[in-house]
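First the structure, in the form of structure tokens, and then the observations on it.
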Amino acid sequence: MDKDTTAETEAAEEKTEKGHQGRSPSQLMWMRFKRDRVGVVSAFVVIFFFLIGALAPVISSLYGKDPFTLYPSVSGYEDILDDFGMPYGTFGGVSGEFWFGIEPNLGRDVFTMLLYGIRTSLYLAVVVTVLSVATGVLIGMVGGFFGGKVDYWLGRITDFFLAFPSQLFFIAFMPVVTALFVDPREETPTYLRAVAIVLVMWFLGWMGMARLVRSSVLTIREREFVEAALVSGASRWRIVRKEILPNIVTPILVQGTYMLPSAILSIAFLSYVGVGFTEETPDWGRMFAIGADIYEQNPAFMFFPGIAMVLFILAFNLLGDSVRDAFDPKTGR
């Protein structure tokens, strides 16, 4: 009986080994990720938001409205606001004509404002995140691989930038960046505000990634396969590209998934305090700034942008956890 049980166990183990034979790490990661229902749902939510942002003009055209028109001045919509500038109807003027209601005072369509606000915040955050990740990986890789004085001075530069109070620096430096290119008496173009936001956030957004990459490279460069590559005469570029970089993709990817929602919140914060995007550019932060002024008269205005931001930030953070667990199942949650 014991012999039969042992034989069955060995056969099962052999079958399991054969079943996993030939699968790459990426295939195993994908299998683990697909079994994580929270991660899959979060991925669908994130993809949905990206599609909404990309298709905002198309959806707006099919919907028949845009985020720039002041609808009380349009024929047929003169009576959508009362004498105090508040929308008629329930929950901020929600109706078949205006799905998410009407903006108080100006009378713009909230649904299209949210669509274009997602587009503005999300894609600008992607640019900031890509630049910050690339810079952090480069500086962390160089410092960790070369060590010595190179690592010391890059570490001190990183510490110097970490000493800046980021939120206060954003508020103080944004007007300086825009003033370098535009006369203070003139209105700053939207594209220039976008460039200034990217530059300021990139300037202060790469340090965490650089420290993470540096610590990972310091660990990996002492491994046997790296030393073997050095002894065999492989160039430093080949060692970095073939031996080190593939082994730190996981922490880079996971950290990147946490950096993007943080960038979205920072962009919204800049617009909220008045140093980011301004009228008439639709933006999440601008919508919260408007809602903060009229929340006592019309609290419904902040409901839809608030729900959208919470859903996206939560989904992206959960997606980051799922990606981390898929790459390294030992970490757990």
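Table for the structure above
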{"item": "Residue satisfying condition, being of a type outside the set (A, V, I, L, M) and over 20 Å from residue 166 (Cα atoms), within set 261, 305", "result": "305"}
{"item": "Hits in the stretch 154-179 (condition: surrounded by fewer than 15 Cβ atoms within 10 Å (Cβ to Cβ), at pLDDT below 75 and of a type in the set (Gly, Ala, Ser))", "result": "179"}
{"item": "Where residue 119 falls short, out of the listed (1) within 30 Å of residue 46 (Cα to Cα); (2) open to solvent by less than 20 Å² (accessible area, probe 1.4 Å); (3) out of contact with any Phe, Trp or Tyr (no Cβ under 9 Å at 6 or more places or on another chain)", "result": "(2)"}
{"item": "From 266, 262, residue being open to solvent by 30 Å² or more (accessible area, probe 1.4 Å), modelled with pLDDT of 85 or more and under 12 Å from the mean Cα position of the chain (by Cα)", "result": "262"}
{"item": "Enumerated helices (runs of 4 or more DSSP H) restricted to the stretch 1-80, each holding at least 1 residues that are of a type in the set (Lys, Arg) and modelled with pLDDT of 70 or more", "result": "25-34, 37-54"}
{"item": "Residue that is nearest to the chain's Cα centre (by Cα) [pool: residues in the stretch 269-289 that are part of a loop (DSSP other than H, G, I, E, B) and crowded, with 20+ Cβ neighbours inside 10 Å]", "result": "283"}
{"item": "Matching option when the condition is touching a helix residue (DSSP H, G or I) at 6+ places or on another chain (Cβ under 7 Å) and under 22 Å from residue 307 (Cβ atoms), among 102, 139, 80", "result": "102"}
{"item": "Residue ID - farthest from residue 326 (Cα to Cα), chosen from residues in the stretch 227-248 that are touching a residue at least 12 places away in the same chain (Cβ under 8 Å) and either open to solvent by 70 Å² or more (accessible area, probe 1.4 Å) or hydroxyl-bearing (Ser, Thr, Tyr) (or both)", "result": "236"}
{"item": "Check on residue 214, in contact (Cβ under 8 Å) with a residue 60 or more places away in the chain, in contact with a helix residue (DSSP H, G or I) (Cβ under 6 Å, 6 or more places away or on another chain) and open to solvent by 30 Å² or more (accessible area, probe 1.4 Å)", "result": "yes"}
{"item": "Which numbered condition residue 243 misses (of (1) in a loop (DSSP other than H, G, I, E, B); (2) over 16 Å from residue 138 (Cβ atoms); (3) not hydrophobic (A, V, I, L, M, F, W, C))", "result": "(1)"}
{"item": "Those residues of the stretch 93-116 which are assigned to a loop (DSSP other than H, G, I, E, B) and in contact with a Phe, Trp or Tyr (Cβ under 6 Å, 6 or more places away or on another chain), in sequence order", "result": "99, 100, 107"}
{"item": "Residue count for the stretch 303-331, restricted to those that are modelled with pLDDT under 80 and open to solvent by 30 Å² or more (accessible area, probe 1.4 Å)", "result": "6"}
{"item": "Inter-residue pairs, beta-carbon under 7 Å, first open to solvent by 100 Å² or more (accessible area, probe 1.4 Å) and in the stretch 291-302, second at pLDDT 80 or above and not hydroxyl-bearing (Ser, Thr, Tyr), 6+ apart", "result": "295/302; 297/86; 297/104"}
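The rows are residues; the columns are (1) open to solvent by less than 30 Å² (accessible area, probe 1.4 Å); (2) without any contact (Cβ under 8 Å) to a residue 24 or more places away in the chain; (3) more than 30 Å from residue 159 (Cβ to Cβ).
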site: 187; (1), (2), (3): no, yes, yes
site: 204; (1), (2), (3): yes, no, no
site: 219; (1), (2), (3): no, yes, no
site: 225; (1), (2), (3): no, yes, yes
site: 250; (1), (2), (3): no, no, no
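The values are calculated or read from the model by the stated rules, or taken from the named source; none is laboratory data. Being a predicted model, the structure only gives us computed values, none of them experimental. Cβ atoms come from the backbone with ideal geometry, glycine included; neighbour counts cover every protein chain shown. Each accessible area value is taken on the protein alone, full model and side chains, heavy atoms only, with ligands, DNA and RNA left out. Shrake-Rupley method; radii C 1.70, N 1.55, O 1.52, S 1.80 Å.
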